[in-house]
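In what follows, a structure is listed as structure tokens, so that the remarks can point back to it.
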Amino acid sequence: QVQLVESGGGLVQPGGSLRLSCAASRSIYTLNAMGWYRQNPGKQRELVAVMTSGSVTNYADSVKGRFTISSDNPKNTVYLQMNSLKPDDTAVYYCYAKYISMEFWGQGTQVTVSS
């Protein structure tokens, strides 16, 4: 089992920045992948950014150049730095982890981009 605890969501104006954090209950080194998805009501959950155990990163085209995923391994924490935020980035953001063949999700944190 992996517990994921997210923080850092909130309300920000267009063009602003936010940083999301996700703390895992086990060492990141033991996870196959860790990252972020987002979802709006009535829509499918979509990939935002993911980092594999080999530190390979993958981003959605819509966030490339604006969002950066990183990790602090001693703290078992993954971050999502979000810059140049747009109203279309508004969603509930979920932390994700893959451990062996199992997938785990955080409780979600709301990000709202609005003036």
Answer in debye to the nearest 20: the dipole magnitude of the chain about its Cα centre, from +1 Lys/Arg and -1 Asp/Glu charges placed on Cβ, is 40 debye
For residue 47, the accessible surface traced by a 1.4 Å probe with all protein chains present amounts, in square angstrom to the nearest 10, to 50 Å²
For segment 1-79, dividing by residue count, accessible area per residue (probe 1.4 Å) in Å² works out to 55 Å²
Per the rule of 0.36 nm per residue minus the C-alpha distance, extending residue 73 to residue 102 adds in nm 8.4 nm
Rounded to the nearest 5, the percent of DSSP beta bridges in the chain running antiparallel is 95 percent
Counting only protein heavy atoms and leaving out ligands, DNA and RNA, the solvent-accessible surface of residue 86 at a 1.4 Å probe, in Å² to the nearest 10, equals 100 Å²
Heavy-atom accessible area with a 1.4 angstrom probe orders 78, 56, most exposed first, as 56, 78
Plugging the Cβ-Cβ distance of residue 26 and residue 52 into 1/(1 + (r/R0)^6) at R0 = 22 Å yields, to the nearest 0.05, a FRET efficiency of 0.85
In nanometres, the difference between 0.36 nm per residue of separation and the alpha-carbon distance of residue 110 and residue 3 is 36.7 nm
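The values are calculated or read from the model by the stated rules, or taken from the named source; none is laboratory data. Because the structure is a prediction, the values reported are computed rather than measured. So basically every Cβ, Gly included, is an ideal-geometry build from the backbone, and we count neighbours across all protein chains shown. Surface accessibility is based on the protein's heavy atoms, side chains included, excluding ligands, DNA and RNA. Shrake-Rupley method; radii C 1.70, N 1.55, O 1.52, S 1.80 Å.
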